[in-house]
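Just below is one structure, and these are the notes that go with it.
The values are calculated or read from the model by the stated rules, or taken from the named source; none is laboratory data. What you see is a predicted model, and the numbers here were worked out from it, not measured in a lab. Don't worry about glycine lacking a Cβ; one is built from the backbone with ideal geometry, like all the others, and counts go over all protein chains shown.
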Amino acid sequence: MRRHRIAPFLVAAALVTGVASIAAGGSSEESRHPYDPACAWGRVSNGRGILVRCLTRAEGEALAVKPAPAQSAKPPEPKPSATGAEKKKPPTDKKQPAPPNEPSSKSKPKKATSVLKAVHVENGTLPKAKARLSKAVTRFNDCVAKHGGMSDGSGSVHVRFMVRERGIAEGVQVAKRRGISKEAANCVAHVVERRSVGLPSAPILAATAVIEFTAITSKKSQ
């Protein structure tokens, strides 16, 4: 009989204690469980109160440290700009010397007269070559006038060519030049190319024509 009387008394005391604790503080789960008896450095749960694993000491200390605020990267410092003296260099007054056999840049182009001085033939003869090439002296003069004139009072150009049985100058090339530009000498060679020079004394001959030029001075310069 005593046991049946004590049991209702204990149940009533437990209910009163629970109600009193709720009314007094309304404490949360953290206040009821201030420490974790299973995981000293914290735990990882699945969101439903089920333990997944305990944290290690290193993980717990890392979570306890507040991350330092991120520092914004500093923009690169601009390089010092070059001074005006470094940017702008004074132009040099030195002038490059004119190449040899080229008309000087200071002298104005001069007109010239030409004459076919000689035709040198190797291992044979070309009796009509000089007379026939002399008919082209006007065109030789035009070559000098159109391509830089004369660099001196006189000049010359040697053109080498081959002659076959047909008596036509072929394969003409400039062998030497003096006092006229390269362009003028090439122009003279082009005039001689494919020009009739008469029948050779042999099936094939090599020859060199020498054309001499003399500058014509204008009346104003006299």
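Quick rundown of the values:
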| item | result |
| --- | --- |
| Residue match in the range 149-156 (condition: assigned by TED's automatic domain parsing to the domain that holds residue 212, over 51 Å from the mean Cα position of the chain (by Cα) and at pLDDT 60 or above) | no |
| Some residue of the range 183-190 being out of contact with any Gly (no Cβ under 6 Å at 6 or more places or on another chain), within 12 Å of residue 208 (Cα to Cα) and not in a loop (DSSP other than H, G, I, E, B) | yes |
| Cβ-Cβ under 6 Å pairs, at least 6 apart or on other chains, the range 180-192 side in the same structural domain as residue 156 (by TED's automatic domain parsing), far side of a type in the set (Gly, Ala, Ser) and not in a loop (DSSP other than H, G, I, E, B) | 180/155; 192/169 |
| Subset of the range 191-213 that is more than 13 Å from residue 121 (Cβ to Cβ) and in contact with a Gly (Cβ under 7 Å, 6 or more places away or on another chain) - its residue that is surrounded by the most Cβ atoms within 10 Å (Cβ to Cβ) | 213 |
| Condition met for residue 216 (touching a helix residue (DSSP H, G or I) at 6+ places or on another chain (Cβ under 7 Å), of a type outside the set (Ser, Thr, Tyr) and either within 17 Å of residue 113 (Cβ to Cβ) or at pLDDT below 95 (or both)) | no |
| Condition check for residue 142: at negative phi and in a loop (DSSP other than H, G, I, E, B) | no |
| Residues satisfying the stated conditions in the range 191-218, i.e. assigned to a strand (DSSP E or B) and of a type in the set (Val, Ile, Thr) | 208, 210, 211, 214, 216 |
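Yes/no per residue for (1) among the aromatic types (Phe, Trp, Tyr); (2) over 30 Å from residue 123 (Cβ atoms):
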| residue | (1), (2) |
| --- | --- |
| 140 | yes, no |
| 147 | no, yes |
| 163 | no, no |
| 166 | no, no |
| 173 | no, no |
